[in-house]
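Working notes for the structure below.
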Amino acid sequence: MTAGVPDRGHARARPDGATLSVVGGARPGTGVASRVSPGAEGRGRVAVVTGGSSGLGLDLVRALAQRGLRVVLATQSLDRGRAALDGLGDLADRVAARQLDVTDPGSVAQLAAWVDRRLGRCDVLVNNAAVLLDDERSSLDADLAVVQQTLAVNLLGTWRLVQALGPLMRRNHYGRIVNLSSGLGSLSAMGPGLPAYRVSQTAINALTRILAADFAADGVLVNACCPGPPEVGVVGGPEVVEYTLQADTAVWLATLPDNGPTGGFFRDGQAIAW
Ligand SMILES: NC(=O)c1ccc[n+]([C@@H]2O[C@H](COP(=O)([O-])OP(=O)(O)OC[C@H]3O[C@@H](n4cnc5c(N)ncnc54)[C@H](OP(=O)(O)O)[C@@H]3O)[C@@H](O)[C@H]2O)c1
């Protein structure tokens, strides 16, 4: 992994977002939760995916629903959530869209209370929500307000979701937590560029190790993954790293058997260096 460059900008709008939308509060009269029904393979398990209205997040929602899980598509915008549901076809019967701002403790608490009250459990948490706000400045000139904002979403948002939903997992002695991270946070390949984002991803990796230890006796497996193989030089030279985003590794980690790994960092189904 080399430096100085975006992993495909989180700050930019995704071209594939147009057909996706959000679901949010219960649809009056019907109730979003009533549309959520258990499937066979997922045995009625419940997954929460943050940042689920587009891109990789929506891919993860779709993949988990296809495996029979009931999925809560958490998104900042209920309009985008509703649009995303419309694009899921029959799978939408297993998906409920809910509003979530991971930086807002009240919003996170509200989501967790809704999941507990309406679905009665939480088996899987995929922390996919993230921002990449860095500009071209180096760490020496970085705007610390940007660093703070980045950590608020990427690190503290992830942490807050685990604090809110982890107890539901502990209650059933079952849980799978998948923290989306990036090779740009790998200490073994650390370099310049994107300092706020890099630090946030390294911090997510550290949190993953700590959480795995804290949940060790609870049947809750906690892992981090970089969602796609790096493609060096795609955008203009050897200093540029992009990723081909793929849901496979995150879905695998979200559906691990009880004897699966915990406290690991994976890409393409393989453990990678921290
Ligand atoms: N893109 C890459 O090349 C790459 C490479 C390595 C790792 N990753 C990681 O993979 C994950 C997905 O990447 P991506 O490129 O698909 O990201 P993205 O397009 O920027 O999507 C991230 C989503 O996070 C949600 N989000 C942002 N701020 C939020 C907040 N305050 N509260 C709740 N949700 C918030 C937004 O979804 P809503 O609008 O639905 O709220 C946003 O669409 C991220 O964790 C990223 O770090 C990405």
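Any read-out appearing in this document is the output of simple, stated calculations on the displayed coordinates, not a laboratory observation. Because the structure is predicted, anything quoted here is derived from the model rather than measured. Note that each Cβ is placed from the backbone with ideal geometry, even for glycine, and that neighbours are counted across all protein chains shown.
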Legend entry - Order of Tyr243, Tyr197 - criterion: other Cβ atoms within 10 Å of each residue's Cβ, fewest first: Tyr243, Tyr197
Legend entry - Counting DSSP beta bridges with both ends in the stretch 33-271, the antiparallel % (nearest 5): 15
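Shape verdict for the stretch 33-271, please, from the Cα gyration tensor: rounded (a/c under 1.5), prolate (a/b greater than b/c) or oblate.
Prolate shape, in that a/c is at least 1.5 and a/b is the bigger ratio.
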Inset, instruction - Enumerate the calculated ³J(HN,Hα) couplings along the stretch 85-96 in order (Karplus 6.51 cos²θ - 1.76 cosθ + 1.60, θ = phi - 60°), each rounded to whole Hz, writing x wherever the residue is Gly or Pro. - result: 4, 4, x, 8, x, 5, 4, 4, 5, 9, 10, 10
